[in-house]
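Here it is, the structure in full.
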Amino acid sequence: MGTATVFSSPTVSTTGKWLGFVAAVWIQCISGNNYTFSNYSDALKSLMHLTQVQLNNLSVAKDIGKAFGLLAGLASDRFPTWAILLIGSVEGLIGYGVQWLVVSQRIQPLPYWQMCVFLCMGGNSSTWMNTAVLVTCIRNFRTNRGPVSGILKGFVGLSTAIFTTLCSALFADDPASFLVMLSLVPLVVCLTGIFFLRELPPAVAAAGSAEEVRYFGVFNVVAVVVALFLLVYGFVPSPGVLVSRVFVAVLLVILASPVGIPVYTYFKGRLGAGNDVEGQRASEPLLRSGEKENESVAAVAAVEEEAFVEKRAPEVGEEHTIMEVLKSVDFWILFVSFLCGVGTGLAVMNNMGQIGLALGYPDVSLFVSLTSIFGFFGRIISGTVSEFTIKKAATPRPLWNAASQLLMAVGYILMAMAMPGSLYIGSILVGICYGVRLAITVPTASELFGLKYYGLIYNILILNLPLGSFLFSGLLAGILYDMEATTTEGGGNTCVGGHCYRLVFVVMTGACVVGFFLDILLSFRTKTVYTKISMSKKPNKSLSASSSSR
């Protein structure tokens with residue numbers, strides 16, 4: 001009986017690790033609800049007779065919910081993953097549920113400040129889900145942080161398109177039905193995920209292998225198939241009821257397909273354990289001896305390191321406390337450059353409904369989907385490629401952020417010109433670059449400042465979402481739009497023409513240029529860190545040679 005326990009344990013651990021990652025992917029597929037405001041903002045504006053500044057301030061209230069993600073960051077170091085998921089899903093049920101009651105006109109529109117509170121709750125709900133997923137998975141896959149971040153953030157990017165397209169297929173883009181989905185679907189998925197997603201012991205988490213890379217490749221393929229499937233459906237002209245339902249069924253099957261990976265690892269582990277029992281028994285005493293020796297060496301090293309660290313502040317690339325992070329120049333360079341990218345991107349997403357109307361597109365669901373889908377490509381490609389370039393050439397991750405800032409500036413210039421088709425190209429470019437910023441910044445923070453307090457560090461960086469939303473959407477876009485708009489009956493206003501947002505795009509282009517130079521500066525300051533990371537990812541040839549000579 002003892003032998004069975006010893007040999008089944010690694011199999012169970014590996015299978016549980018991948019089951020947790022599949023659950024994390026499903027949770028990320030529904031946790032991007034914070035980016036869907038454009039799908040029902042026009043209904044709120046009409047029902048509540050809002051000006052553009054008032055509507056944009058509602059979107060700011062939604063993004064301010066991200067500021068309270070600090071609570072999720074603190075909780076991630078004190079509570080299990082399942083508790084954090086439960087809090088987020090219940091909070092989303094309340095926040096989006098009340099918005100559904102208003103939009104469906106089951107109740108009268110609430111006072112403006114109360115609507116701000118419920119939008120804030122809806123926005124905050126996603127921080128609990130994202131924190132639970134990212135912190136747990138990056139700790140569970142310590143040697144593959146780039147692919148983990150790219151895949152998970154990629155599915156967050158797809159979640160807007162998944163919600164939007166499902167609503168279009170099932171409910172003909174009805175805003176009330178859309179809010180029902182935002183209320184209930186995350187709750188159901190999170191209640192399922194709490195049984196599988198949990199943090200594993202460091203020894204299991206650090207046991208990376210070449211197989212992990214292949215499995216991540218499978219997740220990448222599934223994600224690309226989902227993205228292309230959503231993109232193709234978005235361009236189908238007036239699909240019928242049958243076509244729409246077939247689309248929904250196929251989409252759900254594709255999203256369920258990654259379950260095959262933990263099933264495969266389970267049966268592979270069971271068969272492998274049965275065929276190699278004697279070999280494992282023979283090596284068991286030697287392994288235990290090595291473990292004891294490693295523990296002794298590690299204990300001595302830990303004492304020496306602790307004594308040394310007491311005499312100096314940690315360098316970038318080492319474990320930081322929160323106070324040490326907040327005193328770090330590198331952290332604030334990363335913080336401000338992140339603001340320039342995600343703040344301007346959020347302004348476009350929050351105002352997409354009005355930008356589309358100004359340029360003559362009454363239905364903006366396609367542009368919302370384009371931003372989401374190409375945001376996915378930006379996230380998933382940058383996560384995998386940046387990991388590869390670190391290993392091969394020690395390329396600092398912030399260089400990818402710098403490239404995205406320049407490309408995003410090109411997108412804003414195109415939208416400012418308001419030429420035919422410029423909104424299509426601009427939506428694609430902004431989506432790609434917004435995705436790159438999120439996917440690159442997540443592992444960068446863990447590499448520069450450590451994993452011990454990563455949950456809180458991540459949520460401090462995410463403060464850029466409400467801050468950027470307030471600066472670029474609530475103030476910049478709202479005020480400049482109202483300056484160009486004309487008043488309508490009932491107290492609202494509207495603006496039609498390329499001039500409505502031209503100055504907004506020009507200012508955001510300047511912000512992207514500032515972000516570009518900050519990312520270049522951070523790349524130079526962290527070159528040594530990424531050289532060390534690159535060396536750690538390469539096999540130690542000299543050690544192998546000495547071992548073989550013995």
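The values are calculated or read from the model by the stated rules, or taken from the named source; none is laboratory data. Computed from a predicted model, the values in this text were never measured in an experiment. Cβ placement follows ideal geometry from the backbone for every residue including glycine, while neighbour counts extend to all protein chains displayed. Ligands, DNA and RNA are excluded from the accessible area calculation, which covers all protein heavy atoms including side chains. Shrake-Rupley method; radii C 1.70, N 1.55, O 1.52, S 1.80 Å.
Isolated Cys in the chain by the 4.7 Å beta carbon test?
Cysteines lacking a close Cβ partner in the chain: Cys29, Cys116, Cys120, Cys137, Cys167, Cys190, Cys340, Cys433, Cys512.
Remind me, relative contact order of the chain in percent, using alpha carbon pairs under 8 angstrom and six or more residues apart? List each step's numbers first, then the result.
Details: 869 pairs, mean separation 136.4, N = 550.
Relative CO of the chain lands at 25 percent.
Next up: Please state the equivalent ellipsoid semi-axes for the chain: what are the square roots of 5 times the Cα gyration tensor eigenvalues, largest first, in whole Å? Each step should come with its number before you reach the end.
Values: eigenvalues 364, 144, 88 Å².
Computed over the chain, the values are 43, 27, 21 Å.
Can you pick out the pairs among Lys62/Lys327; Lys268/Lys532; Lys17/Lys527; Lys391/Lys452; Lys153/Lys527; Lys153/Lys268 whose Cα atoms lie more than 27 Å from each other?
Details: Lys62/Lys327 29 Å; Lys268/Lys532 35 Å; Lys17/Lys527 32 Å; Lys391/Lys452 23 Å; Lys153/Lys527 25 Å; Lys153/Lys268 29 Å.
Cα-Cα > 27 Å for Lys62/Lys327; Lys268/Lys532; Lys17/Lys527; Lys153/Lys268; rest within.
With each label point set 7 Å from Cα along the Cα-Cβ vector, what nm distance links Val243 and Leu271?
Distance between label points: 4.3 nm.
If you don't mind, another one. Work out the length of the dipole vector of the range 9-271 about its Cα centre, built from +1 on the beta-carbon of each Lys and Arg and -1 on the beta-carbon of each Asp and Glu, and round it to the nearest 20 debye.
For this selection, approximately 520 debye.
Separate question: Return the tail of the calculated pair distribution for the range 215-263, meaning the percent of Cα-Cα pairs more than 12 Å apart.
So the portion of pairs separated by more than 12 Å is 66 percent.
Here is a follow-up. According to the square roots a ≥ b ≥ c of the eigenvalues of the Cα gyration tensor, what is the shape class of the range 9-271, taking rounded for a/c under 1.5, prolate for a/b larger than b/c otherwise, and oblate for the remainder?
On the way: a/c = 2.51, a/b = 1.50, b/c = 1.68.
Since a/c reaches 1.5 but b/c is at least a/b, the shape of the range 9-271 is classed as oblate.
Cβ neighbours within 10 Å, averaged per peptide: list 164-172, 416-424 in order, most packed at the top.
For the peptides 164-172, 416-424, the packing ranking is 164-172, 416-424.
P(r) for the range 146-257, please, calculated from all Cα pair distances in 5 Å bins and given in %.
Computed distribution, short to long bins: 2, 9, 16, 20, 20, 13, 9, 5, 3, 2, 0.
Find the all-direction average of the projected area of the Cα convex hull for the range 71-180, expressing the result in square nanometres with one decimal place.
Average projection, Cα convex hull of the range 71-180: 8.0 nm².
What is the spread of the Cα atoms of the range 309-363 along each of their three principal axes, largest first, in whole Å?
Sorted largest first, the three principal extents are 63, 15, 14 Å.
About the Cα centre of the chain, how large is the charge dipole given +1 on each Lys and Arg Cβ and -1 on each Asp and Glu Cβ? Please answer in debye to the nearest 20.
Charge dipole, the chain, about its Cα centre: 940 debye, nearest 20.
Now a separate question. Along the Cα→Cβ direction, 7 angstrom out, place labels at Leu110 and Ser536. What is the inter-label distance in nm?
Taking the two extended label points, one gets 4.6 nm.
Take the solvent-accessible surface of the protein heavy atoms, probe 1.4 Å, and return the percent of it on the chain that carbon and sulfur atoms account for.
Solvent-exposed carbon and sulfur of the chain make up 69 percent of the total.
So, counting K/R as plus one and D/E as minus one, what does the shell of residues with Cβ under 10 Å around Ser469 add up to?
Surrounding charge for Ser469 is +1.
Arrange the residues Arg502, Arg214 by how much accessible surface each exposes, largest first, with a 1.4 angstrom probe.
Solvent-accessible surface, decreasing: Arg214, Arg502.
On to the next question. In Å², and per residue, what accessible area does the chain have when probed at 1.4 Å with the other protein chains present?
In whole numbers, the chain has 42 Å² accessible per residue.
Once you wrap a convex hull around the alpha carbon atoms of the range 315-537, what is its projected area averaged over all directions, in nm²?
For the Cα atoms of the range 315-537, the hull's average projected area reads 12.5 nm².
Report the Cα centroid-to-centroid distance between the range 350-409 and the range 108-126 in angstrom, as an integer.
Taking the Cα centre of the range 108-126 as reference, the centre of the range 350-409 is 28 Å away.
Might you report the magnitude of the Cβ-based charge dipole of the range 315-537 about its Cα centre, with Lys and Arg at +1 and Asp and Glu at -1, to the nearest 20 debye? The partial results should precede the final answer.
Details: 12 positive and 12 negative charges, 146 e Å.
Once rounded to the nearest 20, the dipole reads 700 debye.
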